[in-house]
Amino acid sequence: MKLDSELIQTIIKTAGAVLVAFLAKKGTKEIPKITRRPRPYIGGALGQLVGWMAAGVVGALTFFVIGALLSLLFRPSVAITSPVRSQDVEVTRIDTGSAYFEVAGTSEHLAGSPELRIYVLVHPTKPFASGWWVQSPSATAPDGRWEGVAWIGDPDFQAQTGDVVQIVAVAARLEDVQAVQHVDDPKDLRPRAMSPIVEFTIGKVEEQ
């Protein structure tokens, strides 16, 4: 069974915090033996309580420090590999006037994530239309590769040869994207990762 990156991070943080807390608790017993000036003695149940409280504080701090480091190591990333910048792309127009094209890419530390999905956003630049249209979540393979279908145009503004389009892929939480069809800026989706913007030209319109 393959563990996702978030579960791995949780295991590492918990194990590290428990280990450091244990060592800190053990250290409270060893300090009097190695210091020149004996510290005030706190014995019995009170001493045990103070020792475990100190160990707990150290363990908690360790948990957050390890978490911060792991968040850098396991930072999600997403990229678009097809289409590429300045490519002439063929789109397929259906009877409703909308046209679709395929998009593919790669990602890291996203496969198996219970909350993150990869979304492609489409922004027509020539002719210009404000904002970005959010597409359905893309399918992500265990190795991080993903692919999906993006749509452009409608009955009144159909895609034509020579139109220029921008696309971007984001990794965002499902709860932040549900029911969202259009945004002014991709960052409005609060993405955990975002690819560079790819601009291409519609080279051919194929009628379905």
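Every number here is computed from the coordinates shown, using simple stated rules; none is lab data. Worth saying up front: this structure is predicted, and the values here are computed from it rather than measured. Positions of Cβ are generated from backbone atoms using ideal geometry, with glycine treated the same way; all protein chains shown enter the neighbour counts.
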The range 76-145: relative contact order in percent, alpha carbon pairs under 8 Å with at least 6 residues between: 30
Just in the range 89-166: which chymotrypsin sites (Phe, Trp or Tyr not before Pro) are loop by DSSP and have at most 10 other Cβ atoms within 10 Å? none
Taking 0.36 nm per residue of separation between GLU147 and ILE94 and subtracting their Cα-Cα distance, the length gained on full extension comes to 17.0 nm
List the pair-distance distribution P(r) of the range 166-208, using every Cα-Cα distance, as the percent of pairs falling in each 5 Å bin from 0 up to the bin containing the longest distance, rounded to whole percents. 5, 18, 25, 18, 11, 12, 10, 1
At most 16 other Cβ atoms within 10 Å and a DSSP loop assignment: could you name the trypsin sites (Lys or Arg not before Pro) in the range 123-208 that fit? ARG145
For the range 77-207, place one equal point scatterer on every Cα, skip the solvent, and apply the Debye formula. What is log10 of I(q)/I(0) at q = 0.12, 0.16, 0.20, 0.21 Å⁻¹? -0.42, -0.75, -1.13, -1.23
Simple spin-label estimate for ALA139 and ALA15 in nanometres, 7 Å along Cα-Cβ: 3.5
Point-to-point label distance, THR125-GLU175, nm (Cα→Cβ direction, 7 Å offset): 3.5
